[in-house]
1. Would you check if Leu165 is crowded, with 18+ Cβ neighbours inside 10 Å and away from ligand 2 (no atom under 16 Å from the Cβ)?
2. The conditions are (1) surrounded by 12 or more Cβ atoms within 10 Å (Cβ to Cβ); (2) more than 28 Å from Ala231 (Cα to Cα), and Gly317 fails exactly one of them. Which is it?
3. Condition first: within 16 Å of ligand 4 (Cβ to nearest atom) and of a type in the set (Val, Ile, Thr). Now tell me which residues in region 231-269 satisfy that.
4. Is it the case, given these coordinates, that Val208 is touching a Cys at 6+ places or on another chain (Cβ under 8 Å), more than 13 Å from ligand 4 (Cβ to nearest atom) and assigned to a helix (DSSP H, G or I)?
5. Tally up the residues in region 40-61 that are in a loop (DSSP other than H, G, I, E, B), charged (D, E, K, R) and either touching a residue at least 24 places away in the same chain (Cβ under 8 Å) or closer than 18 Å to Asp98 by Cβ (or both), please.
6. Here are some conditions: (1) surrounded by fewer than 18 Cβ atoms within 10 Å (Cβ to Cβ); (2) in contact (Cβ under 8 Å) with a residue 12 or more places away in the chain; (3) among the aliphatic types (A, V, I, L, M). Leu135 meets all but one. Which one does it not meet?
7. Taking interchain pairs and intrachain pairs at least six residues apart, which have beta carbon atoms under 7 angstrom, with the first residue in region 147-170 and at pLDDT below 95 and part of a loop (DSSP other than H, G, I, E, B) and the second surrounded by 16 or more Cβ atoms within 10 Å (Cβ to Cβ) and among the basic types (Lys, Arg)?
8. What single numbered condition from (1) within 13 Å of ligand 4 (Cβ to nearest atom); (2) farther than 30 Å from Tyr91 by Cα; (3) among the polar types (S, T, N, Q) fails to hold for Thr195?
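The values are calculated or read from the model by the stated rules, or taken from the named source; none is laboratory data. Worth saying up front: this structure is predicted, and the values here are computed from it rather than measured. Here Cβ is always computed from backbone atoms with ideal geometry, including for glycine, and neighbour counts include all displayed protein chains.
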Amino acid sequence: MVSLSKTTVGIFKDSKICKLIIISCLIFISSFSSINLFAQENSDCMECHTDPSSVDSKVRVDHVTGEVELVSMVVDEEEYHASAHGGEDFYCIDCHADLEDSEGEHYPNLQPVDCVTFCHDDPAATFLEGSHASLMLEKGVQLPTCKYCHTGQKSKMNTPRADNLEHRGDTIEKCGSCHEKYYRSYRNNLHGQVTAMGYVGLDIATCVDCHGQHTILNSTNSESTLGSENAKETCGKCHPGAGASFVKHVAHPGYKDVGYYKSALIALKNIRKDPGEIKGIVKSPQTLLTVLFLAYVGLLVVTFAQFGTHMLLSWLGSILDDRKENKSDHG
Ligand code: HEC
Ligand code: HEC
Ligand code: HEC
Ligand code: HEC
Ligand code: HEC
Ligand code: HEC
């Protein structure tokens, strides 16, 4: 015992060993406290947020649109893990940054997640500075937010991946909610009919496959995805070898749109003042399509009219015959 205590005293007298011991003790203690400091493992959050008895639904007001919604606080693990941010290297607090230092229970109202500042300033710049966003502002339309277009089925949190088929279908409806006329004509085109039947695979064209995602420009702009040169590439993704004549295909047939006929009539009226206008309409592939459509409808009408007249006459004939027979029976 004596000799042990002597060595102990010896160790403490040796300042190098003493320092070493203190440092190792500090490392040991801090390794415990780091568990506390980083209590915000995803699993800690999930302990409450996957348990419907710990978290409920909550009324929330969207800070942009002012819409009031009832939002469940239960995180759907399956949808979250399938989402664009559901991988191993994402932490809840990467996005819910105001919870970085909190432990366990937290204050109820958090800051809305900021998609742009730390992660996505690039797509944000192309979207916000693009002509699409500025046109919306010009028309007094409120800009859709990132979360409006990139939202999951169960929560805004589950940013769908680009190949999520349900999301591809949703995107058509979202573009269509502001562009009703083009939405309707898209539905009269083969692409839109196939997607309307529920097939929205990556190999069928939705609005964004032709028009682009954030940098949407007018099709007459040569820089746009549908500019005469770029269109070959845009359509060529799915129609290999698409050439200049193929891309003239009418993606938005106007033959069921009253507005199209109105503008043609107005152009006819103004034929003296502005002959260019009617020339433009005549030259457009839209007109050939409309003429074919009208010829087809005309043919149907004539055929059915002939058929109908024939039926009507033979019916009248048989009634007259019946009457004649009845008369001769009585007579
Ligand atoms: C002790 C249980 C518990 C833990 C642990 C917990 N939460 Fe919560 N959380 C709740 C409850 C309860 C609500 C609903 C609060 C309300 O009704 O206002 C909530 C609400 C939220 C909300 C919505 C806030 C809002 O503004 O509407 C977010 C986001 C959230 N939690 C994220 C997290 C994250 C990220 C973690 C981990 C860092 C976490 N929570 C850990 C219980 C918990
Ligand atoms: C990529 C960013 C991101 C990550 C990572 C993330 N969230 Fe969220 N979370 C959001 C967004 C966006 C919302 C929608 C509300 C908002 O805009 O702030 C949200 C909302 C929530 C809500 C409120 C319910 C709802 O549907 O609006 C809860 C609860 C929540 N998150 C918990 C978590 C938990 C737990 C984790 C980790 C497993 C996590 N979040 C990881 C972005 C994220
Ligand atoms: C009008 C709808 C719309 C809005 C608003 C929008 N996006 Fe997108 N974004 C899309 C579409 C469509 C895609 C193609 C992939 C997909 O559908 O998810 C896309 C793709 C992306 C991608 C992946 C491809 C890339 O360019 O890196 C990111 C990241 C992205 N958006 C971030 C944002 C951010 C951040 C905002 C807000 C500033 C935003 N988006 C606003 C429609 C939109
Ligand atoms: C919040 C409403 C809104 C949404 C959502 C929206 N747009 Fe637009 N878009 C507009 C407005 C407003 C204009 C300006 C011209 C107009 O009134 O048509 C416009 C213009 C356009 C143009 C013509 C661009 C030009 O330079 O002339 C195209 C193409 C277009 N949008 C396609 C899309 C596609 C594809 C989507 C879906 C990713 C989409 N839009 C989503 C409101 C919207
Ligand atoms: C197959 C490719 C394709 C698809 C899919 C498509 N468009 Fe178009 N879109 C075009 C072409 C080509 C034009 C130009 C000629 C025209 O107006 O028909 C155009 C024109 C437009 C315009 C007028 C402005 C401009 O750039 O000329 C808008 C707005 C528009 N489309 C919106 C949409 C919306 C919304 C959807 C989905 C509901 C959609 N488009 C789907 C190819 C497409
Ligand atoms: C994302 C893929 C995709 C893109 C982009 C796309 N299409 Fe298509 N398109 C299809 C599919 C799928 C069909 C359906 C039947 C088929 O395979 O021919 C189709 C059918 C057609 C048809 C009907 C005739 C045919 O070949 O069966 C035409 C014409 C056409 N597309 C033109 C275009 C033009 C022009 C563009 C560019 C403005 C374009 N498409 C862009 C996928 C696409």
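1. Numbers: crowded, with 18+ Cβ neighbours inside 10 Å: no; away from ligand 2 (no atom under 16 Å from the Cβ): yes.
It is false that Leu165 is crowded, with 18+ Cβ neighbours inside 10 Å and away from ligand 2 (no atom under 16 Å from the Cβ).
2. Of everything listed in (1) surrounded by 12 or more Cβ atoms within 10 Å (Cβ to Cβ); (2) more than 28 Å from Ala231 (Cα to Cα), Gly317 misses just condition (1).
3. Thr234, Val247, Val250
4. Details: touching a Cys at 6+ places or on another chain (Cβ under 8 Å): yes; more than 13 Å from ligand 4 (Cβ to nearest atom): no; assigned to a helix (DSSP H, G or I): yes.
So Val208 does not fit the description; no.
5. 1
6. Of (1) surrounded by fewer than 18 Cβ atoms within 10 Å (Cβ to Cβ); (2) in contact (Cβ under 8 Å) with a residue 12 or more places away in the chain; (3) among the aliphatic types (A, V, I, L, M), only one is false for Leu135: (2).
7. Correct list of pairs: Lys156/Lys147.
8. With (1) within 13 Å of ligand 4 (Cβ to nearest atom); (2) farther than 30 Å from Tyr91 by Cα; (3) among the polar types (S, T, N, Q) applied to Thr195, the lone miss is (1).
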